[in-house]
1. What residue among P51, M147, G126 has its Cα farthest toward the positive end of the dipole of region 24-154, where the charges are +1 on Lys, Arg and -1 on Asp, Glu, each on the Cβ?
2. What 222 nm value per residue comes from the helices of the chain, counting each DSSP H run with n ≥ 4 as -39,500 (n - 2.57) and dividing by all residues, nearest 500 deg cm²/dmol?
3. Here is the link list: K343/K421; K30/K311; K125/K287; K2/K343. Which ones come out longer than 18 Å on Cα distance?
4. Taking Cα atoms, how many degrees apart are the long axis of helix 49-58 and the longest axis of the chain, rounded to 10 and kept between 0 and 90?
5. Alpha carbon centre of region 296-336 versus region 1-66: separation in Å?
6. Could you put Y61, Y293 in order, starting from the residue whose Cβ has the fewest other Cβ atoms within 10 Å?
7. Using the alpha-carbon centroid of each, what span in Å lies between region 565-581 and region 188-262?
8. Quick check: net charge around E34, other residues with Cβ under 11 Å of its Cβ, Lys/Arg +1 and Asp/Glu -1?
Amino acid sequence: MKAIMVMFDSLNRHMLPNYGCEWTHAPNFKRLGEKTVAFEQCYAGSLPCMPARRELHTGRYNFLHRSWGPIEPFDNSMPEILKQNGVYTHLVTDHQHYWEDGGATYHPRYSSFEMVRGQEGDPWKGHVKNPEIPETETPEPFVSSNMFRQDIVNRSYLESEENHPQAVTFSLGMKFIEKNKDEDNWFLQLETFDPHEPFFAYQHYKDLYPHEYKGKHFDWPPYYFVQESEEVVEHGKYEYAALLSMCDNYLGRVMDMMDEHDMWKDTMLIVNTDHGYLLGEHGWWSKSVMPIYDEIAHTPLFVWDPRLKIKGERRQSIVQTVDLAPTLLEFFGVALPDNMDGKPLRQVIESDQPIRETALFGFHGGHVNITDGKYSYMRSPVSPENKPLFEYTLMPTHMRQLFSPGELQNIEIQEPFSFTKGCQTMKTHAGGGFVNAFQYGSKLFDLTTDPEQKEEIEDPEIELMLIKKMAEQMRKNDAPKEQFVRLGIPEDGIMTIEELMKQKEVIRKAEQIGILEEHQWDRAAQNQIRALLNITPELARQDLLKKFEEFIVVSNINKVSAESVEKFIDVSLQNDEKEKAKYFIGLAGRTS
């Protein structure tokens, strides 16, 4: 038996014809739907990139214990388990996070691997002289970042499509298939970074989406709320669509090869992604800094299982990224290790028999989210400090750097979790940040009547039902006890309506800043002041609050609004501090 996984990054379900999009050009995705089983209720688990890939290896949720990080010494890695059981595993990828500090332990788990350089801000080609930066709609401080600069450098080497990292990745993947098509017992993970931003595609793909655009260059939306004009937003969608069509082209080449060599008879095909992406929906770009709306969490998934030979059908049962590792292990006849959250997809493919009632998903330190397919519930922390919150790891790395010495001072030793194979771990305080899920509050949506999640609903009974299911999934994952405290839910998940309503009142009081209590405050302004405090050294925070209070009183302001916070920044901060502060308060001012 053989298996091929074609994995995309930030592949939007709602931009595919298989899921109702009528304007994108993706004929090979249509063809894929005819050759596989398409899943209607697939959800991400841990977000974003490397947390999702840790789930892909381990079949376990990552986000309750750890933020972005590598494979841990105690982790069960699916490709490594296959390798140890006589299945040759090969990774070919241009996903540049694999060769950063926070991802550097993933690729050695395979029998062999090939890395393709040049995506996004991958520090690939060295230019001492600064490149010419095009005029762009992408705002500061993104344009001034080294990543943006490096991307301009990288693109100068990619004038021909055959040199594009995605094209090279698929070429290498298909060479592996051609070389090994007559061999048995192998798994290929062919993984491209696209259609992740920046949306760099070639003109013939852009020509599929003719439109009039008079703005500046724009194919790299910021991780921020939408500030651009409607014309720019629409152009950004077309740029994403062009890159999606490029992905479609190369997906088609893999299917052509499977057709040519009659590989459907003995080769599993999985086409998947880590998460979706916001292209202006809900007033947001990208992911990571906002509530996890359906456009981010609800993902496409296609599977062909040659044992079952079911194609052109759809499945309604809830499945997740954590189910892919056990699916591949089961396919190759390898026993599943203990403590996997995921389940093999075979019974879902065969008869749509459910393997889970709910899907749990989130970012470390953000909302903990749950859906049962009918409702979607985003549970925020109950305190403005978003504490207690810790990282549990034996591999102290962030995305692109090691933990700092300051982070490693005063660490505690955590007794083993159920999945750490008897290993103790380091317990360190999780880093603070200006993006705090508390600012958005808990949110409940009815997906059957409001699939676009435009109107929150208030229904304590449904909220309590989902809190109970959330706690059940967290206990099953051996979630740290402080996660229950942070979210304000009991470990058994049982609360009364009275307790829930009392808690909501406590949260409303906790939103208050503690100064100017006789003034009326906008919720956005409260969040912005918290953001200013987060980026202010601890010893200077009380002085900042005193200055703000004096400013409001002297200015004779009766209602504290986002506008008054911005005026305070203009008159009170040094010029070199203003841009950073305005960036942070702009983001913090969003409450939805």
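Every number here is computed from the coordinates shown, using simple stated rules; none is lab data. The structure displayed is predicted, hence computed values, not measured ones. When we count neighbours, we look across all protein chains shown, and the Cβ atoms used for this are built from the backbone with ideal geometry, even at glycine.
1. The residue sitting most towards the positive pole is P51.
2. On the way: 18 runs with 198 residues, N = 592.
Dividing the helical sum by the residues of the chain leaves -10000 deg cm²/dmol.
3. Working: K343/K421 20 Å; K30/K311 12 Å; K125/K287 28 Å; K2/K343 20 Å.
The pairs that break the limit, which is 18 Å between Cα atoms, are K343/K421; K125/K287; K2/K343.
4. 50 degrees
5. 10 Å
6. Numbers: Y61 28, Y293 22.
By the 10 Å Cβ count, ascending: Y293, Y61.
7. 37 Å
8. Numbers: positive: K30, R31, K35, K311; negative: E313.
Net of charged neighbours comes to +3.
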